[in-house]
Structure formats: structure tokens, C-alpha cells
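Below is one structure; the comments refer to it alone.
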Amino acid sequence: MQMITRFDSVEELNAFLKHVGEVRKADSQPLRRGNLEKHVANLLGVCDWNTALGMVSKKEASEPAKCCACKQPLMPNGFCGDTECFHHEWPQAAEKGSDTVYRRMTLPAYFQSDSEVFKAHFDASPYFEYLIKDHHSIAFGIILEIFKQQGSGCCETDDIARSFSDTDELQGYRSFPGYSVIVDAFDHFDKPYTEETGFEVYVETDALARWLKANHEEIFDLLPDEFKDLSED
Ligand SMILES: [Zn+2]
């Protein structure tokens, strides 16, 4: 196998080059930079140093950014994907519990296939961010319908689950807990041998109202008063 595939960053690659250079020196067989690069490229199974650099930097660019605390991949919104890690709730730069930054607000939602094989609690906030940003003209109509249906089992809520499976902008979430169950369910639904393709999605509309008030007040303001009750129960 090509050893080059073991390297995840250019920094690691350069550290290895330096290490080999030091080993050669200690063995009284020092190499000039150009020859050292050629030698290391050989060791790694590629034809030259530039190829090695190119392969590693390409890999580095395609790797998702990692959490500074637990090294798990970050979600596309920049928060840690590990629900146990405090950076799941606070931005990477923030101190735990800091008042100077806003905590991330999740939007609790629930997915269940009719067969009850697939069940997942998930955070629907990435969907609403995407909806409001990329489909601004229809976002309010969809949100209003979700309120009218009290957040349960309508085409509008079904689209929330569907979007995590088939919308490019939300694909970065696919491997995270909750979302991965939904994606697995849709993969399963697509198979010809399943008869079971029904599912339900439920969104907490009280939480949705609070989330809109905090994140998209312009949309919250348009809601009929009956849906604007923010009192905690
Ligand atoms: Zn983390």
C-alpha cells in the first residue's frame, strides 16, 4: 500500500520529512533538501515530493473540520457533532457557559417510520435555516402550515426528514446521530423489496416559535397571534 495515505495533513507530512532528515543526519548520511524530499517520496510510495504534497493537501481540504475539544467532526453550522461535548451547544471559540455568546438553539423534532423500525430524535434547526436562506419566498407559507398542523405528520413536516436525505446543503449532517437514522430509513425505503415507506415527523411548535423569535424575528412577527405564545409550560 502507499504509505502516503496514512498522512492527514501537510503539517504531519512536513514533520515526517524533518524526522527522516534528522535520522539520516544521526546516521552520518545527511541528505540535501531536494534529495531528502525525493527519498521521502520514495519511502511513501509516490514518484516525487510535489505529488506527495498534492495528495495530502487534497485530502486535508476534503476532511471536515474537527472540534477543538474532542476532535469529532464539526457540523456544517460549525458546532461539534458530538452531543456529549460542550461545543455541541456553544460555538468553538466560546468558553463553556459564557454569557457573551449565544448558545445554539436546537429545535427538537422526532422521526418515526410506520414500521417503527426507524426512530430518531433530531434537531430540525438546520432545515429551517436552509429553508429560510435558500427558499425565502416560500418559507413563511411552509412554516405557517406546520403551525396549523401543530407540528405533526403533514407533507411540510415530512419534507424536513426528506431534506436531510436528499438536499445537498444538508448532506454534511448525514453522518450525525439522528440524521443518520433518517438517511438509513430513506435508503431502506428506496429498496424495491420494502412495502413499508410511510413515516411521520413531529416538530415542537412552541420550540419553533421561540427559535424563530431568537433567530428570524422577521418571520416570527408575521405569525398569527395564536402561534406566538412563548410561555414555557
Ligand atoms: Zn467536541
Once fully extended, how much extra length lies between Asp114 and Val10, figured as 0.36 nm per residue of separation less the alpha-carbon to alpha-carbon distance? 32.6 nm
How high is the relative contact order of the chain? Use alpha-carbon pairs under 8 Å, at least six apart in sequence, and give a whole percent. 15 percent
Which trypsin sites (Lys or Arg not before Pro) does the range 138-233 hold that lie in a coil by DSSP with at most 15 other beta carbons within 10 Å? Arg174, Lys228
I'd like the chymotrypsin sites (Phe, Trp or Tyr not before Pro) in the range 148-229 restricted to DSSP loop residues with at most 15 other Cβ atoms within 10 Å, sorted by number. Tyr193
Set the bar at 22 Å for Cα to Cα. Now go through Lys38/Lys71; Lys66/Lys119; Lys71/Lys119; Lys96/Lys133; Lys18/Lys38 and name every pair that lies beyond it. Lys38/Lys71; Lys66/Lys119; Lys71/Lys119; Lys96/Lys133
Any idea how far the Cα center of the range 107-126 sits from the one of the range 161-233, in Å? 8 Å
Residue separation times 0.36 nm, minus the C-alpha to C-alpha distance between Ala93 and Cys68: what's the value? 8.1 nm
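For Arg162 and His19 in one chain, what is 0.36 nm times their gap in residues minus the Cα-Cα distance, to one decimal in nm? Display every interim value, and only then the final one.
Numbers: separation 143, 0.36 × 143 = 51.48 nm, distance 4.95 nm.
Taking 0.36 nm per residue and subtracting the Cα distance, the gain is 46.5 nm.
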Considering only DSSP states other than H, G, I, E and B, which trypsin sites (Lys or Arg not before Pro) in the range 65-125 qualify as loop sites with at most 11 other Cβ atoms within 10 Å? Lys71, Lys96
Taking amide H positions as placed in the peptide plane 1.01 Å from N, state which residues far from Cys80 in sequence (5 or more) or on other chains have amide H under 5 Å from it. Met75, His88
Could you compute the FRET efficiency for Gln2 and Phe86, with r as their C-beta to C-beta distance and R0 at 35 Å, rounded to 0.05? 0.35
Under a Cβ-only charge scheme (Lys and Arg +1, Asp and Glu -1), can you give me the dipole magnitude of the chain about the Cα centre, in debye to the nearest 20? 1980 debye
Select from the chain the helices, each a whole stretch of DSSP H, whose alpha-carbon atoms run 18 Å or more along the helix axis and whose Kyte-Doolittle mean is at least 0.0; answer none if there are none. 136-148
Skipping prolines and chain starts, which residues have an amide H placed within reach, meaning under 5 Å, of the one on Gln150, given they are 5 or more residues away or on another chain? none
Given DSSP loops and a limit of at most 13 other Cβ atoms within 10 Å, what is the longest stretch of the chain that contains no such GluC sites (Glu not before Pro)? 1-83
Listed residues Ser115, Ala214, Gly141: farthest to the positive end of the dipole of the chain (Cβ charges): Ala214
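Every number in this text was worked out from the coordinates using simple rules, so none of it is lab data. Model, not experiment: these values are computed from the prediction. A quick note on method: Cβ atoms are made from the backbone with ideal geometry, for glycine too, and the neighbour counts reach across all protein chains shown.
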